[in-house]
Amino acid sequence: MEAQAGEPGRDGGVRIDVWLWAARFFRTRALAKQAVDTGKVEVGGQRPKPSRAVRVGDALRVARGEEVFEVEVLGLSDERGPAPVAQRLYRESEASAEAREEARLARRAARDGYRPPEHRPDKRARRLIRALGDIDAS
């Protein structure tokens, strides 16, 4: 028998890959499992297996793309629901939210002034690009 939404299972927890999916950190359970397998998720500073049970009070560190979330588990669910319900399953630390906001602002500042080209480079422009790349190699 599996755990119902909001209820712990027999062992008092829900699989971490299922919880990450239910809490809407990842779009699919397969992506959540892959993130756990590749070390993008930590529980209490340790790399878990996808089958590890998450319990209320656990501290998670979830890296998703360029964002890193440090959250505390407040509730358990093995069913994916609407976003407001999913956001009640965890609480993000203030430091984590501030760090994510600073990183977002830094990325925005880094791309200020950048204008993407209107079209693909032609043959002459590709030669110039290649020539510039050769300068860095020497």
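None of the figures in this text is laboratory data; all of them are computed from the coordinates on show. From a predicted model like this one, the values you see are computed outputs, not experimental measurements. Here Cβ is always computed from backbone atoms with ideal geometry, including for glycine, and neighbour counts include all displayed protein chains.
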Legend entry - Difference of contour (0.36 nm per residue) and Cα-Cα distance, Q87 to R104: 4.1 nm
Legend entry - Cα-based reach from K49 at 18 Å (exclusive), listing lysines while leaving out same-chain residues under 8 positions away: K33, K40
Inset, instruction - State, to one decimal in nm, how far the label point of R27 lies from the label point of K49, with both points 7 Å from Cα in the Cβ direction. - result: 2.9
Inset, instruction - Please give the contour-minus-distance gain from Q34 to V56: 0.36 nm per residue of separation, less the Cα-Cα distance, rounded to one decimal in nm. - result: 5.7 nm
Legend entry - Cβ-based charge dipole, the stretch 1-97, positive-most Cα from G12, F26, V71: F26
Inset, instruction - Count the net charge of all other residues whose Cβ sits under 10 Å from the Cβ of G81, scoring Lys and Arg as +1 and Asp and Glu as -1. - result: +2
Legend entry - Long-range HN-HN contacts of R64 with modeled amide H, under 5 Å: F69
Legend entry - Sum of -39500 (n - 2.57) over DSSP H runs of 4+, divided by residues of the chain (222 nm, nearest 500): -12000 deg cm²/dmol
Legend entry - Fraction of alpha-carbon pairs over 18 Å apart in the chain - percent: 63
Inset, instruction - Within the set of other residues whose C-beta is less than 12 Å from the C-beta of E94, count the net charge using Lys and Arg as +1 and Asp and Glu as -1. - result: -3
